[in-house]
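Below is one structure, written out as structure tokens; the observations come after it.
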Amino acid sequence: MRKAAAAAVLLLLSVSMLFAYDPRLSAMGGIGVAVSGTEMQDYGNPAAVFFDENSNTFSLSGTLGDIMGLDNWPCYPSSSLEALFVANMITAGMNITYQSENRRENDHVDLKQSVTLDVNFSAGYNFISAGVGVTGGSQQQRLDVPMASFTDFPVQSVFAPFDRVVNSEFIQLRAGVMMHFGQFFVGVLLDNLLHKDGSSTTLKWSEVFDGTGVGAYWSSPEYSSRGRMNNFVGSAGAEVKNIFSKEERTFNTGGEIKFRMVRDSSFFFRTGYSALWDDFLSGTVTAGLGVNLRRVELSGNIDIPIGGYPAARLTARVLF
């Protein structure tokens, strides 16, 4: 039970450490090291920007969910608002998140507010690309917040005063390489290159390779095309993260099936699995279902840790 909970927490942390919650990648087991394609909402590997055909666009996303487990619903939710701009070989985004966590007795929680900025740079030639991503921001929190009903969450989020906490600023640096062979992508990611100790942030060479991840991704030949209608397309991927860290080494895998009705409109189903490498059978099953109607996408995800309580999120996204 404890290992299952640890795996679930690790999955949630791997998602929340990124500047945005991506419903597609999260429903596919949290993969991202080698994932590329059109209309991306997040870039687990900054090198993927080079292969993204969705250039010069702007999107807004809103997410509401309960990451503490459905047994607590609807009193302990999490919400976020994200803006993302994608250009040729560069992306920039901003994310504001309110999150209930650390449940206490008598229906009280710690409420955290975080503001995150994220920029990715990439360059490439033909079948290979390289990229660098920088994520930074700050967070505030309020301890022992009453949360007896669902309406307490928006009221406390908007009106309650937040206190700065020690070491509330954070910055993350990552670098990646990606190669494209027909319908296959292979990626390598160096994550968490910066080390924060107290009030200082340094590049610690002894930990440069601790967060290394390798992955492979496949998409069907017409996954990104817009020519045909009423057909099925799909994609799948698998990866190993933190390969040089025995305690945090994880295996993630997932896939999706999409039925395209008309141009830019489709239904989709996604699923995946994530687990600690040394405790493979006590991981988290992920699934997502949704619809894309031209420039609007609605999706719902559920994470089911083995031996734990499910957690769910609902996301709406508008693409300009």
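Details
- For region 262-273, the candidate set comprises residues that are among the small types (Gly, Ala, Ser) and within 20 Å of residue 222 (Cβ to Cβ); within that set, the residue that is surrounded by the most Cβ atoms within 10 Å (Cβ to Cβ) is 266.
- Beta carbons closer than 6 Å, at least 6 apart along the sequence or on distinct chains, pair a first residue in region 292-305 that is within 20 Å of residue 29 (Cβ to Cβ) with a second that is of a type in the set (Lys, Arg) for 297/317; 301/313.
- Scanning region 274-286 for residues that are at pLDDT 95 or above and either basic (Lys, Arg) or surrounded by fewer than 20 Cβ atoms within 10 Å (Cβ to Cβ) (or both) returns a single hit, 285.
- Residue check, residue 299 within 16 Å of the chain's Cα centre (by Cα) and part of a strand (DSSP E or B): yes
Let's see how each residue does on (1) closer than 30 Å to residue 253 by Cα; (2) modelled with pLDDT of 85 or more; (3) under 21 Å from the mean Cα position of the chain (by Cα); (4) surrounded by 17 or more Cβ atoms within 10 Å (Cβ to Cβ):
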site: 84; (1), (2), (3), (4): yes, yes, yes, yes
site: 97; (1), (2), (3), (4): yes, yes, yes, yes
site: 101; (1), (2), (3), (4): yes, no, yes, no
site: 115; (1), (2), (3), (4): yes, yes, yes, no
site: 129; (1), (2), (3), (4): yes, yes, no, yes
site: 152; (1), (2), (3), (4): no, yes, no, yes
site: 165; (1), (2), (3), (4): no, no, no, no
site: 181; (1), (2), (3), (4): yes, yes, no, no
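- Residues in region 79-93 that are assigned to a strand (DSSP E or B) and without any contact (Cβ under 8 Å) to a residue 60 or more places away in the chain were compared, and the one that is nearest to residue 156 (Cα to Cα) is 81.
- Hits in region 279-313 - residues which are in contact with a Ser or Thr (Cβ under 8 Å, 6 or more places away or on another chain) and of a type in the set (Lys, Arg): 294, 313
The values are calculated or read from the model by the stated rules, or taken from the named source; none is laboratory data. Since the model is a prediction, treat every value here as computed from it, not as a measurement. FYI the Cβ positions are ideal-geometry reconstructions off the backbone, even for glycines, and counts take in every protein chain you see.
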